[in-house]
Amino acid sequence: MAPKVVILCGGLGTRLREETEYRPKPMVEIGGKPVLWHVMKLFAHHGMTEFVLCAGYRGQMIKDYFLNYEARNSDLTITLGDHSSVRFHGTHLETGWEVTVADTGELTQTGGRVKRVEHYLDGDAFVVTYGDGLANVDLTALLAHHQAHGKLATVTTTRPLSRFGIVDLESDATVARFREKPQADDWVSSGFFVFQREFLAELDPDCILEREPLERLAAAGELVAYQHDGFWQPMDTYREFQMLNEMWEAGKAPWAVWEDDE
(Lines give C-alpha, C1' and ligand atoms only; values in the text may rest on other atoms or scores of the structure.)
Protein backbone atom coordinates (compact mmCIF):
# COMPACT_ATOMS: atom_id res chain seq x y z
CA MET A 1 0.00 0.00 0.00
CA ALA A 2 1.41 3.37 -1.01
CA PRO A 3 2.04 5.83 1.84
CA LYS A 4 0.00 8.98 2.28
CA VAL A 5 1.60 12.22 1.17
CA VAL A 6 1.56 15.23 3.51
CA ILE A 7 2.13 18.51 1.66
CA LEU A 8 2.95 21.69 3.58
CA CYS A 9 0.76 24.43 2.08
CA GLY A 10 0.28 26.96 4.86
CA GLY A 11 3.16 29.44 4.75
CA LEU A 12 2.80 33.15 4.02
CA GLY A 13 5.16 33.19 1.02
CA THR A 14 6.41 36.69 1.82
CA ARG A 15 9.33 36.57 -0.64
CA LEU A 16 6.84 36.09 -3.48
CA ARG A 17 4.55 38.89 -2.38
CA GLU A 18 3.73 39.88 -5.98
CA GLU A 19 1.82 36.59 -6.31
CA THR A 20 0.93 35.66 -2.73
CA GLU A 21 -0.75 38.79 -1.44
CA TYR A 22 -4.14 37.35 -2.34
CA ARG A 23 -3.50 33.59 -2.52
CA PRO A 24 -1.35 30.95 -0.83
CA LYS A 25 1.93 30.23 -2.58
CA PRO A 26 0.99 26.63 -3.53
CA MET A 27 -1.86 28.12 -5.59
CA VAL A 28 0.46 30.34 -7.65
CA GLU A 29 0.26 29.01 -11.19
CA ILE A 30 2.89 27.43 -13.42
CA GLY A 31 1.56 26.96 -16.94
CA GLY A 32 -2.00 27.70 -15.83
CA LYS A 33 -2.01 25.12 -13.00
CA PRO A 34 -1.17 25.68 -9.32
CA VAL A 35 2.38 24.70 -8.41
CA LEU A 36 0.73 22.40 -5.84
CA TRP A 37 -0.91 20.50 -8.71
CA HIS A 38 2.50 19.95 -10.30
CA VAL A 39 3.86 18.55 -7.02
CA MET A 40 0.90 16.21 -6.67
CA LYS A 41 1.21 15.01 -10.26
CA LEU A 42 4.76 13.83 -9.55
CA PHE A 43 3.53 11.71 -6.64
CA ALA A 44 0.60 10.34 -8.63
CA HIS A 45 3.03 9.30 -11.38
CA HIS A 46 4.70 7.09 -8.77
CA GLY A 47 1.42 5.62 -7.53
CA MET A 48 0.86 7.85 -4.49
CA THR A 49 -2.60 9.43 -4.76
CA GLU A 50 -3.70 9.94 -1.13
CA PHE A 51 -2.85 13.47 -0.09
CA VAL A 52 -3.16 15.44 3.16
CA LEU A 53 -2.73 19.15 2.49
CA CYS A 54 -1.68 21.21 5.52
CA ALA A 55 -3.40 24.51 4.77
CA GLY A 56 -2.98 27.80 6.60
CA TYR A 57 -2.71 31.22 4.97
CA ARG A 58 -5.75 31.66 2.68
CA GLY A 59 -6.37 27.93 2.90
CA GLN A 60 -9.98 28.36 1.79
CA MET A 61 -8.68 28.90 -1.74
CA ILE A 62 -7.15 25.41 -1.68
CA LYS A 63 -10.44 23.94 -0.45
CA ASP A 64 -12.36 25.79 -3.16
CA TYR A 65 -9.98 24.59 -5.86
CA PHE A 66 -10.54 20.92 -5.05
CA LEU A 67 -14.25 21.30 -4.31
CA ASN A 68 -14.65 22.66 -7.84
CA TYR A 69 -12.08 20.42 -9.51
CA GLU A 70 -14.58 18.43 -11.57
CA ALA A 71 -16.20 21.59 -12.93
CA ARG A 72 -12.79 23.07 -13.76
CA ASN A 73 -11.59 20.01 -15.63
CA SER A 74 -14.68 18.49 -17.26
CA ASP A 75 -17.51 19.46 -19.57
CA LEU A 76 -20.78 19.69 -17.63
CA THR A 77 -24.53 19.92 -18.12
CA ILE A 78 -26.71 21.70 -15.57
CA THR A 79 -30.40 22.56 -15.42
CA LEU A 80 -30.48 26.02 -13.92
CA GLY A 81 -32.39 26.12 -10.64
CA ASP A 82 -31.86 22.39 -10.04
CA HIS A 83 -28.44 21.94 -8.49
CA SER A 84 -28.85 18.18 -8.23
CA SER A 85 -28.98 17.99 -12.03
CA VAL A 86 -25.27 18.70 -12.58
CA ARG A 87 -23.67 16.06 -14.80
CA PHE A 88 -19.97 15.91 -15.62
CA HIS A 89 -18.85 14.44 -18.92
CA GLY A 90 -15.68 12.46 -19.50
CA THR A 91 -12.84 11.82 -17.09
CA HIS A 92 -9.51 13.40 -16.26
CA LEU A 93 -6.18 11.90 -15.26
CA GLU A 94 -6.63 12.88 -11.61
CA THR A 95 -9.65 10.62 -11.16
CA GLY A 96 -9.27 8.62 -7.95
CA TRP A 97 -7.08 11.07 -6.06
CA GLU A 98 -8.08 11.32 -2.39
CA VAL A 99 -7.40 14.85 -1.13
CA THR A 100 -7.80 15.91 2.50
CA VAL A 101 -7.45 19.66 3.07
CA ALA A 102 -6.78 20.34 6.76
CA ASP A 103 -6.68 23.78 8.38
CA THR A 104 -3.47 23.67 10.42
CA GLY A 105 -3.38 27.35 11.39
CA GLU A 106 -2.06 30.43 9.65
CA LEU A 107 1.11 30.84 11.71
CA THR A 108 1.86 27.22 12.63
CA GLN A 109 5.41 26.00 12.05
CA THR A 110 6.18 23.10 9.69
CA GLY A 111 6.52 20.40 12.34
CA GLY A 112 3.37 21.59 14.06
CA ARG A 113 1.45 21.28 10.79
CA VAL A 114 2.47 17.65 10.42
CA LYS A 115 1.56 16.95 14.06
CA ARG A 116 -1.89 18.47 13.56
CA VAL A 117 -2.76 16.06 10.74
CA GLU A 118 -1.60 12.96 12.65
CA HIS A 119 -5.15 11.63 12.88
CA TYR A 120 -5.38 11.53 9.07
CA LEU A 121 -2.30 9.32 8.76
CA ASP A 122 -2.34 5.54 8.85
CA GLY A 123 0.05 2.86 7.76
CA ASP A 124 3.65 2.35 8.83
CA ALA A 125 5.14 5.26 6.88
CA PHE A 126 4.20 8.59 5.31
CA VAL A 127 5.82 11.17 3.05
CA VAL A 128 6.19 14.90 3.72
CA THR A 129 7.10 17.57 1.20
CA TYR A 130 6.62 21.24 0.41
CA GLY A 131 3.86 22.65 -1.79
CA ASP A 132 6.20 24.89 -3.78
CA GLY A 133 9.22 22.77 -4.74
CA LEU A 134 9.43 21.13 -8.17
CA ALA A 135 11.68 18.16 -8.89
CA ASN A 136 11.98 14.98 -10.89
CA VAL A 137 12.88 12.87 -7.85
CA ASP A 138 12.46 9.13 -8.46
CA LEU A 139 9.97 8.66 -5.65
CA THR A 140 9.74 4.92 -6.22
CA ALA A 141 13.50 4.63 -5.64
CA LEU A 142 13.23 6.97 -2.62
CA LEU A 143 10.67 4.67 -0.96
CA ALA A 144 12.76 1.60 -1.74
CA HIS A 145 15.83 3.29 -0.23
CA HIS A 146 13.88 4.15 2.92
CA GLN A 147 12.58 0.62 3.33
CA ALA A 148 16.03 -0.87 2.77
CA HIS A 149 17.92 1.10 5.42
CA GLY A 150 15.34 0.47 8.16
CA LYS A 151 15.81 3.80 10.00
CA LEU A 152 13.07 6.19 11.14
CA ALA A 153 13.49 8.81 8.43
CA THR A 154 14.87 9.66 5.00
CA VAL A 155 15.53 13.13 3.62
CA THR A 156 16.09 13.78 -0.06
CA THR A 157 19.21 15.84 -0.68
CA THR A 158 20.48 17.58 -3.78
CA ARG A 159 23.31 19.86 -4.88
CA PRO A 160 21.72 23.07 -6.16
CA LEU A 161 23.11 25.31 -8.84
CA SER A 162 24.83 28.44 -7.59
CA ARG A 163 22.77 31.62 -7.95
CA PHE A 164 25.81 33.31 -9.50
CA GLY A 165 28.30 32.56 -12.24
CA ILE A 166 31.86 31.82 -11.10
CA VAL A 167 34.99 33.63 -12.31
CA ASP A 168 38.15 31.50 -12.09
CA LEU A 169 41.32 33.56 -11.66
CA GLU A 170 44.99 32.83 -12.26
CA SER A 171 47.54 33.72 -9.55
CA ASP A 172 48.13 37.11 -11.19
CA ALA A 173 44.37 37.85 -11.23
CA THR A 174 44.04 37.11 -14.95
CA VAL A 175 40.60 35.70 -15.67
CA ALA A 176 40.98 32.07 -16.64
CA ARG A 177 37.34 31.33 -17.43
CA PHE A 178 33.73 31.99 -16.56
CA ARG A 179 31.53 29.18 -15.25
CA GLU A 180 27.81 29.89 -15.49
CA LYS A 181 26.02 28.83 -12.30
CA PRO A 182 28.01 25.69 -11.45
CA GLN A 183 26.62 22.98 -9.20
CA ALA A 184 27.50 23.43 -5.54
CA ASP A 185 29.66 20.88 -3.75
CA ASP A 186 27.46 20.75 -0.65
CA TRP A 187 24.21 18.81 -0.35
CA VAL A 188 21.03 20.55 0.81
CA SER A 189 17.64 19.23 1.86
CA SER A 190 15.10 19.41 -0.93
CA GLY A 191 12.24 18.03 1.14
CA PHE A 192 10.63 14.78 -0.03
CA PHE A 193 10.94 13.17 3.40
CA VAL A 194 9.83 9.66 4.31
CA PHE A 195 9.02 8.99 7.97
CA GLN A 196 8.04 5.96 9.94
CA ARG A 197 4.89 6.55 11.96
CA GLU A 198 6.88 6.50 15.23
CA PHE A 199 8.42 9.83 14.20
CA LEU A 200 5.15 11.60 15.02
CA ALA A 201 6.02 11.22 18.71
CA GLU A 202 8.97 13.57 18.09
CA LEU A 203 6.66 16.41 17.06
CA ASP A 204 4.64 18.92 19.05
CA PRO A 205 2.13 21.51 17.81
CA ASP A 206 4.67 24.35 17.83
CA CYS A 207 7.87 22.76 16.49
CA ILE A 208 9.82 23.45 13.32
CA LEU A 209 10.28 20.18 11.43
CA GLU A 210 13.71 21.06 10.07
CA ARG A 211 15.19 21.93 13.47
CA GLU A 212 14.90 19.97 16.72
CA PRO A 213 12.97 16.93 15.40
CA LEU A 214 15.35 16.25 12.52
CA GLU A 215 18.39 17.26 14.58
CA ARG A 216 17.44 14.67 17.19
CA LEU A 217 17.02 11.99 14.53
CA ALA A 218 20.41 12.84 13.03
CA ALA A 219 22.09 12.72 16.45
CA ALA A 220 20.53 9.30 17.05
CA GLY A 221 21.65 7.97 13.66
CA GLU A 222 18.04 7.56 12.52
CA LEU A 223 18.09 9.96 9.55
CA VAL A 224 19.44 8.78 6.18
CA ALA A 225 19.88 10.82 2.98
CA TYR A 226 18.59 9.87 -0.45
CA GLN A 227 20.86 11.66 -2.91
CA HIS A 228 19.03 13.16 -5.88
CA ASP A 229 21.20 14.27 -8.81
CA GLY A 230 18.38 15.47 -11.03
CA PHE A 231 16.29 18.62 -11.27
CA TRP A 232 15.10 20.49 -8.19
CA GLN A 233 13.87 24.08 -7.98
CA PRO A 234 11.90 25.74 -5.19
CA MET A 235 9.67 28.68 -6.12
CA ASP A 236 10.69 31.20 -3.48
CA THR A 237 11.02 34.41 -5.48
CA TYR A 238 9.33 36.17 -8.37
CA ARG A 239 12.40 35.50 -10.52
CA GLU A 240 12.04 31.76 -9.88
CA PHE A 241 8.30 31.96 -10.61
CA GLN A 242 9.08 33.55 -13.97
CA MET A 243 11.83 31.04 -14.75
CA LEU A 244 9.60 28.02 -14.05
CA ASN A 245 6.84 29.43 -16.24
CA GLU A 246 9.32 30.06 -19.04
CA MET A 247 10.55 26.47 -18.78
CA TRP A 248 6.97 25.16 -18.95
CA GLU A 249 6.06 27.36 -21.91
CA ALA A 250 9.21 26.27 -23.78
CA GLY A 251 8.33 22.60 -23.24
CA LYS A 252 11.44 22.15 -21.10
CA ALA A 253 9.99 21.29 -17.69
CA PRO A 254 12.11 18.44 -16.24
CA TRP A 255 9.70 17.92 -13.35
CA ALA A 256 6.81 16.99 -15.67
CA VAL A 257 7.62 13.28 -15.71
CA TRP A 258 3.88 12.47 -15.69
CA GLU A 259 3.57 13.51 -19.32
CA ASP A 260 4.41 9.89 -20.08
CA ASP A 261 1.05 9.01 -18.50
CA GLU A 262 -0.90 11.02 -21.04
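Scanning region 62-91 for residues that are without any contact (Cβ under 8 Å) to a residue 40 or more places away in the chain and under 30 Å from Gly11 (Cα atoms) yields Lys63, Asp64, Tyr65, Phe66, Leu67, Asn68, Tyr69, Glu70, Ala71, Arg72, Asn73.
In this structure, is Ala148 at pLDDT 95 or above and closer than 14 Å to His46 by Cβ?
Working: at pLDDT 95 or above: yes; closer than 14 Å to His46 by Cβ: no.
Judged against the criteria, Ala148 is not a match.
Is there a residue in region 130-144 that is of a type in the set (S, T, N, Q), closer than 30 Å to Leu8 by Cα and modelled with pLDDT of 95 or more? Within region 130-144, one or more residues are of a type in the set (S, T, N, Q), closer than 30 Å to Leu8 by Cα and modelled with pLDDT of 95 or more. Applying the criterion of being surrounded by 15 or more Cβ atoms within 10 Å (Cβ to Cβ) and at pLDDT 95 or above to the residues of region 187-201, the residue that is farthest from Glu118 (Cα to Cα) is Phe192. I'm trying to understand the selection: among the residues of region 1-22, which are surrounded by 20 or more Cβ atoms within 10 Å (Cβ to Cβ) and closer than 21 Å to Val137 by Cα? Answer for region 1-22, where residues must be surrounded by 20 or more Cβ atoms within 10 Å (Cβ to Cβ) and closer than 21 Å to Val137 by Cα: Pro3, Lys4, Val5, Val6, Ile7, Leu8, Cys9.
Every residue in region 1-25 that is touching an Asp or Glu at 6+ places or on another chain (Cβ under 6 Å) and closer than 22 Å to Ala253 by Cα, please. First the steps, then the outcome.
From region 1-25, those touching an Asp or Glu at 6+ places or on another chain (Cβ under 6 Å) are 4, 15, 25; that's our starting set.
Residue satisfying the conditions is Lys25 alone.
For the criterion of being of a type in the set (Gly, Ala, Ser) and over 30 Å from Asp122 (Cα atoms), Gly251 passes. Is there any pair linking a residue in region 28-50 that is among the hydroxyl-bearing types (Ser, Thr, Tyr) to one that is surrounded by 22 or more Cβ atoms within 10 Å (Cβ to Cβ), with Cβ under 9 Å and at least six apart or on different chains, and which? So the pair list comes out as Thr49/Val5; Thr49/Met40; Thr49/Phe43. The set of residues in region 223-257 being modelled with pLDDT under 95, of a type in the set (D, E, K, R) and not in a loop (DSSP other than H, G, I, E, B) consists of Arg239, Glu240.
The values are calculated or read from the model by the stated rules, or taken from the named source; none is laboratory data. Here the structure is a predicted model, which means the values were calculated and not measured. Every residue, glycine among them, receives a Cβ derived from its backbone with ideal geometry; neighbour counts consider all protein chains shown.
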